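Quick notes on the structure that follows.
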Amino acid sequence: MSGDGKGTPASHRTGRDESPEERADRRWAELLQEVRVAQTGVQILFGFLLTVAFTPKFSQISATDRTIYVVTVVLGAATTGALVGPVSFHRLVTGHRIKPQTVTWASRLTLVGIVMLLATVASSLLLILRIALPDSVVPWIVAGVVLWLALCWFGLPVWARHRYERRE
């Protein structure tokens, strides 16, 4: 008895029964949902960062903190670019019959954006904690949070992929 209606036994199926175009459409829709979540976070963070320079206390921060702030704002802008990139990429190539390639490039841009978001969060945390806490504990807290985010965002998914990957 066939498992997919096409004569292939159910035990020999290797995944979804979809054409390359359907797969690209599904992957694109999934990627857009992921990008929406990341974009929202980075836009809120970036918007907050842009307002900091206009607060009264900004003129009182040290040169080091000012440098950290500038690096953080630039990272936030670059992260925004990477996470908006998939949308403009798709818009500029729509109708040219390269959706599978579009999904691949958009996925890469999204991953770059997530790495940059990690750097932006770390830099923001460094700046805020340097102002709020004694300098001796700040690197430890920032390192701990970065490690936690790296574990949640990269370590766990890589482990799960390795752990549950089909063995042929």
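FYI, it's all coordinate maths here, none of it is from the lab. Remember, predicted model here, so these are calculated numbers, not experimental data. Counting neighbours? That spans all protein chains shown, and the Cβs are built from the backbone with ideal geometry, glycine included.
Multiplying the residue separation of VAL112 and SER59 by 0.36 nm and subtracting their alpha-carbon distance yields 15.8 nm.
With contacts defined as alpha carbon pairs under 8 Å and 6 or more residues apart, what's the relative contact order of the chain in percent?
This gives 21 percent for the chain.
At 1.306 mPa s and 10 °C, plugging the Kirkwood radius over alpha-carbon pairs of region 56-143 into Stokes-Einstein gives what diffusion coefficient in µm²/s? In µm²/s, the coefficient rounds to 106. As an exercise, use a Förster radius of 41 Å and the Cβ-Cβ distance of ALA119 and ASP17 to find the FRET efficiency, rounded to the nearest 0.05. After rounding to 0.05, the efficiency reads 0.50. With everything on Cα atoms, drop me the angle between helix 99-132 and the longest principal axis of the chain, reported from 0 to 90° to the nearest 10. That works out to roughly 20 degrees. With runs of 4+ DSSP H residues as the only contributors, calculate the mean residue ellipticity of the chain at 222 nm using -39,500 (n - 2.57) per run, divided by the residue total and rounded to the nearest 500. It lands at -25000 deg cm²/dmol. Under the simplified labelling scheme, the ARG161-ILE128 pair shows an inter-label distance of 2.9 nm, with each label point 7 Å from Cα along Cα→Cβ.
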